1. Could you tell me which residue of the stretch 66-81 is nearest to the ligand (Cβ to nearest atom), considering only residues that are charged (D, E, K, R) and part of a strand (DSSP E or B)?
2. Assess whether V106 counts as being more than 30 Å from R17 (Cα to Cα), surrounded by 11 or more Cβ atoms within 10 Å (Cβ to Cβ) and in contact (Cβ under 8 Å) with a residue 24 or more places away in the chain.
3. Suppose we filter S66, S128 for residues that are more than 30 Å from S9 (Cα to Cα), among the hydroxyl-bearing types (S, T, Y) and free of Cβ contacts under 8 Å to residues at least 12 places away in the same chain; which single one remains?
4. Just to be sure, is T45 within 16 Å of the ligand (Cβ to nearest atom) and either of a type in the set (S, T, Y) or under 26 Å from the mean Cα position of the chain (by Cα) (or both)?
5. Based on this model, can you work out whether M63 counts as more than 16 Å from the ligand (Cβ to nearest atom) and part of a strand (DSSP E or B)?
6. Please indicate, with yes or no, whether at least one residue in the stretch 41-56 is assigned to a strand (DSSP E or B), touching a strand residue (DSSP E or B) at 6+ places or on another chain (Cβ under 7 Å) and touching a residue at least 24 places away in the same chain (Cβ under 8 Å).
7. Could you go through the stretch 13-34 and let me know if any residue there is out of contact with any Pro (no Cβ under 9 Å at 6 or more places or on another chain), farther than 30 Å from L111 by Cβ, modelled with pLDDT of 95 or more and surrounded by 15 or more Cβ atoms within 10 Å (Cβ to Cβ).
8. Listed residues V90, V113, V84; which is without any contact (Cβ under 8 Å) to a residue 24 or more places away in the chain, more than 16 Å from the ligand (Cβ to nearest atom) and part of a helix (DSSP H, G or I)?
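The values are calculated or read from the model by the stated rules, or taken from the named source; none is laboratory data. None of these values were measured; they are calculated from a predicted model. Counting neighbours? That spans all protein chains shown, and the Cβs are built from the backbone with ideal geometry, glycine included.
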Amino acid sequence: MITDKKKFSQLRQSLGRLSNDIKQLINPFFSEKPVIKGSVYELKTKCGKPGCKCAQGQLHGHMVVSASEKGKTKLRVIPSGFLVEVQGKVRRYQELRRARKNLVEVHKKMLQVIDEMEAMRREEIPVSGKINASS
Ligand SMILES: [Zn+2]
């Protein structure tokens with residue numbers, strides 16, 4: 001029998017909230033839209049030609065996707081005309097990763113709550129004391 005009804009009802013509410021959170025967090029995973037792993041930024045470079053403006057400090061800018069593959073950071077230049085599309089796909093990828101990270105957190109909290117609820121409901125077998133092992 002649950003002695004602390006108030007506590008149990010709070011835990012029940014937490015469980016409900018957490019399961020709503022999970023429903024929200026798994027939403028982006030139902031999508032089929034493509035994603036690109038990494039992050040987009042502008043890489044500034046010098047081309048090395050002596051007369052170029054980059055020699056005076058006006059570096060060349062390239063939009064790149066940076067992503068780690070097998071522990072190494074790989075840079076890929078985004079072809080001109082593809083920036084908006086690539087940015088969108090990268091943003092979607094980052095949303096998935098964020099949602100996944102949050103899911104782990106919510107899941108962890110949910111386990112704490114259900115463990116606590118289970119502990120509050122747990123009972124022992126009533127003691128009868130009439131059976132002895134040798135009979
Ligand atoms: Zn240059």
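1. Step one: filter the stretch 66-81 for residues charged (D, E, K, R), giving 69-70, 72, 74, 76.
The next check asks that each one be part of a strand (DSSP E or B); those that pass are 69, 72, 74, 76.
Working: E69: 28, K72: 27, K74: 23, R76: 20 Å.
Looking at the filtered set, the residue picked out is R76.
2. On the way: more than 30 Å from R17 (Cα to Cα): no; surrounded by 11 or more Cβ atoms within 10 Å (Cβ to Cβ): yes; in contact (Cβ under 8 Å) with a residue 24 or more places away in the chain: yes.
No: the conditions fail for V106.
3. Values: S66 fails: free of Cβ contacts under 8 Å to residues at least 12 places away in the same chain.
Selected residue: S128, the only one of S66, S128 that is more than 30 Å from S9 (Cα to Cα), among the hydroxyl-bearing types (S, T, Y) and free of Cβ contacts under 8 Å to residues at least 12 places away in the same chain.
4. Details: within 16 Å of the ligand (Cβ to nearest atom): yes; either of a type in the set (S, T, Y) or under 26 Å from the mean Cα position of the chain (by Cα) (or both): yes.
Spelling it out, T45 is indeed within 16 Å of the ligand (Cβ to nearest atom) and either of a type in the set (S, T, Y) or under 26 Å from the mean Cα position of the chain (by Cα) (or both).
5. Details: more than 16 Å from the ligand (Cβ to nearest atom): yes; part of a strand (DSSP E or B): yes.
Yes.
6. yes
7. Going residue by residue through the stretch 13-34, those that are out of contact with any Pro (no Cβ under 9 Å at 6 or more places or on another chain) are 13-34.
When the remaining residues are screened for being farther than 30 Å from L111 by Cβ, the result is 32-34.
Filter once more, keeping what is modelled with pLDDT of 95 or more: 32-34.
Those still in the list that are surrounded by 15 or more Cβ atoms within 10 Å (Cβ to Cβ) too: none.
No, there is no match, as no residue in the stretch 13-34 is out of contact with any Pro (no Cβ under 9 Å at 6 or more places or on another chain), farther than 30 Å from L111 by Cβ, modelled with pLDDT of 95 or more and surrounded by 15 or more Cβ atoms within 10 Å (Cβ to Cβ).
8. On the way: V90 fails: without any contact (Cβ under 8 Å) to a residue 24 or more places away in the chain; V113 fails: without any contact (Cβ under 8 Å) to a residue 24 or more places away in the chain.
Criteria check complete, one pass: V84.
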